[in-house]
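The values are calculated or read from the model by the stated rules, or taken from the named source; none is laboratory data. Since this is a predicted model, take the numbers as computed values, not measurements. Cβ atoms come from the backbone with ideal geometry, glycine included; neighbour counts cover every protein chain shown. Please note that ligands, DNA and RNA were not included when accessible areas were found on the heavy atoms of the full protein model with its side chains. Shrake-Rupley method; radii C 1.70, N 1.55, O 1.52, S 1.80 Å.
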Amino acid sequence: MTKIETVPTDAGEARITWHPARGARRVLALALGHGAGGGIEARDLAALAAALPARGVTVALVEQPWRVAGKKVAPAPKTLDTGWRGLWPALAKPGLPVVAGGRSAGARVACRTGAELGAAAVLALSFPLHPPGRPERSRADELLATGLPTLVVQGGNDPFGKPAEFPPAGPYELVEIPYGDHGFAVPRRAPVDQEEAVRRIVGAVADWLAALR
């Protein structure tokens, strides 16, 4: 059964939707923040929240204060970090190791703050390596500096950074979702259909989390 928790932060009120691990085998928590253009209903976040509790993973879907307040435009990265830092004690309160994660802008927040907050690892879904068409404005430094076990799950056709554009060597693992765009949507004529793409996301994340234990 899901539980919604409102958490005050210095950036405003944030919201956590908890999807508790089922049964006695509760091994860790995965906190997932949304991107700058959408919320926790994103297909990858929703799929992970639906699938992982049966595998002993509590999933916490986090809505940043700007989203809770009904604003349409995300604030500056430092404000996103402030919101994430403010809600972290609520994520850690159940006493499980917490993996910091998110998609797009949420992935950047997790990368920037994971080590300082004591996260067990970082999950970066659709990491925005650069703005579309601007590869010279790389954000690879955020990914390379996590200081924690890090998994990147990236669409093969993501305009914010295709897998081949990522640094060839680094302290992270990268899983490609073939034909996926920034939201992991795949074209109708692709050899991989949408259900299979989502299954690959869930499988990759579940296997990686299992290896962390």
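For this structure, a couple of remarks:
- Mean shadow area of region 1-111 over all directions, Cα convex hull, nm²: 6.2
- Taking all protein chains into account, the per residue accessible area for the chain stands at 45 Å² (1.4 Å probe).
- Note on Lys3: lysines with a C-alpha under 18 Å away, same-chain residues under 8 apart excluded, are Lys93.
- When the alpha carbon gyration tensor of region 88-205 is reduced to an equivalent ellipsoid, the three semi-axes, largest first, read 25, 18, 11 Å.
- Screening the chain for whole DSSP H helices of 15 Å or more along their axis (Cα) with average Kyte-Doolittle hydropathy at least -0.5 returns 77-92, 105-117, 194-212.
- Springs between Cα atoms under 10 Å define the GNM used for the chain, and in it the highest mean-square fluctuation of Leu125, Leu52, Leu144 occurs at Leu144.
- Unit charges on C-beta of K, R, D, E only; dipole of the chain, Debye: 420
- Per-residue ellipticity at 222 nm computed for the chain from its helices equals -9500 deg cm²/dmol, with DSSP H segments shorter than 4 residues left out and the rest contributing -39,500 (n - 2.57).
- Cα-based shape type of region 3-66, given that a ≥ b ≥ c are square roots of the gyration tensor eigenvalues and the cut on a/c is 1.5: oblate
- Cross-link reach list, aspartates and glutamates versus Lys162, counting only Cα pairs under 12 Å and skipping chain neighbours closer than eight places: Glu176, Asp181
- Per residue, the convex hull around the alpha carbon atoms of the chain comes to 118 Å³.
- Structure remark: mean-square fluctuation, Gaussian network model of the chain, C-alpha springs under 10 Å; the largest value among Gly83, Gly37, Gly183 belongs to Gly37.
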